[in-house]
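Notes to accompany the following structure.
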Amino acid sequence: MGKMGKEIAGSGAEGTIEMLKTAYAGELSAFHYFWYISQNIEGLGVLEQKFFEERADEELGHAKKVSIRLMQLGTNAKDDPALWEQESGLGKLQPSRYLTLRSALEKALEFERSVIKLYDDLANNVKDKDHGTYHLALDLLDAELEDEQTIEDILAKLEIR
């Protein structure tokens with residue numbers, strides 16, 4: 001990390017880095033979940049296959065942004081997928097257990113909300129300290145809030161009236 005980057009990140013950079021590593025692990029875990037679901041969803045869920053592919057692409061894009069910020073802060077994200085499950089805070093996602101549309105969306109909603117909290121906490125922790133990470137956290141928070149709303153909307157429309 002450059003001299004000014006270190007100065008801006010300040011003494012709390014280690015905590016920020018740990019939160020970003022958690023975010024990276026979460027984004028890649030979510031990517032795998034959505035990708036697996038998009039390829040294996042059953043029943044009427046096949047009608048939403050493209051939705052799951054788009055979420056997978058979005059989560060991978062988020063992981064790339066987080067990885068870039070980690071490099072700017074002088075470190076790298078973990079490269080071992082076995083560690084992502086532990087670091088993400090999401091636990092075992094086990095996408096093969098959620099292959100119906102409702103179950104896939106309900107599980108996705110759980111971890112979207114977990115990541116929303118993470119990005120909100122990250123933004124609050126670096127506000128007025130680390131503007132680069134703050135803007136990244138807000139950008140990703142906004143995207144995850146949009147995903148939460150979209151999933152809630154789809155779930156609401158699944159109800160038979």
Given (1) under 13 Å from the mean Cα position of the chain (by Cα); (2) surrounded by 16 or more Cβ atoms within 10 Å (Cβ to Cβ), identify the lone condition not met by ASP57.
(2)
Taking only region 41-91 into account, find how many residues are assigned to a helix (DSSP H, G or I), modelled with pLDDT under 90 and of a type in the set (Lys, Arg).
0
With respect to ASP139, determine if the residue is more than 18 Å from ARG55 (Cα to Cα), surrounded by fewer than 16 Cβ atoms within 10 Å (Cβ to Cβ) and either in contact with a helix residue (DSSP H, G or I) (Cβ under 8 Å, 6 or more places away or on another chain) or at pLDDT 95 or above (or both).
no
Leading residue by the ranking (least open to solvent (accessible area, probe 1.4 Å)) among those in region 102-136 that are more than 28 Å from GLN49 (Cα to Cα) and free of Cβ contacts under 8 Å to residues at least 24 places away in the same chain:
ALA123
Please specify each residue of region 41-83 satisfying the condition of being closer than 25 Å to ASP153 by Cα and touching a Ser or Thr at 6+ places or on another chain (Cβ under 7 Å).
GLU42, GLY43, GLY45, GLN49, PHE52, GLU53, ALA56
Inspect region 47-64 for any residue being aliphatic (A, V, I, L, M) and under 21 Å from LEU122 (Cβ atoms) and give the result as yes or no.
yes
Applying the selection to region 24-53, what residues are under 15 Å from the mean Cα position of the chain (by Cα) and over 16 Å from LEU140 (Cβ atoms)?
HIS32, TYR33, TRP35, PHE52, GLU53
Selected residue (only one of GLU85, GLU42 is open to solvent by 80 Å² or more (accessible area, probe 1.4 Å) and charged (D, E, K, R))
GLU42
If SER96 satisfies all but one of (1) over 15 Å from the mean Cα position of the chain (by Cα); (2) surrounded by 13 or more Cβ atoms within 10 Å (Cβ to Cβ); (3) touching a residue at least 12 places away in the same chain (Cβ under 8 Å), what's the number of the condition it fails?
(2)
Some residue of region 146-157 being of a type outside the set (A, V, I, L, M, F, W, C) and open to solvent by less than 20 Å² (accessible area, probe 1.4 Å)
yes
State whether one or more residues within region 122-132 are closer than 21 Å to TYR24 by Cβ, at pLDDT 95 or above and under 14 Å from the mean Cα position of the chain (by Cα).
yes
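The values are calculated or read from the model by the stated rules, or taken from the named source; none is laboratory data. Note that the structure is a prediction, hence the values are computed from the model and not measured. Backbone-built Cβ (ideal geometry, glycine too); neighbour counts: all protein chains shown. SASA here: full protein model, heavy atoms, side chains in, ligands and nucleic acids out. Shrake-Rupley method; radii C 1.70, N 1.55, O 1.52, S 1.80 Å.
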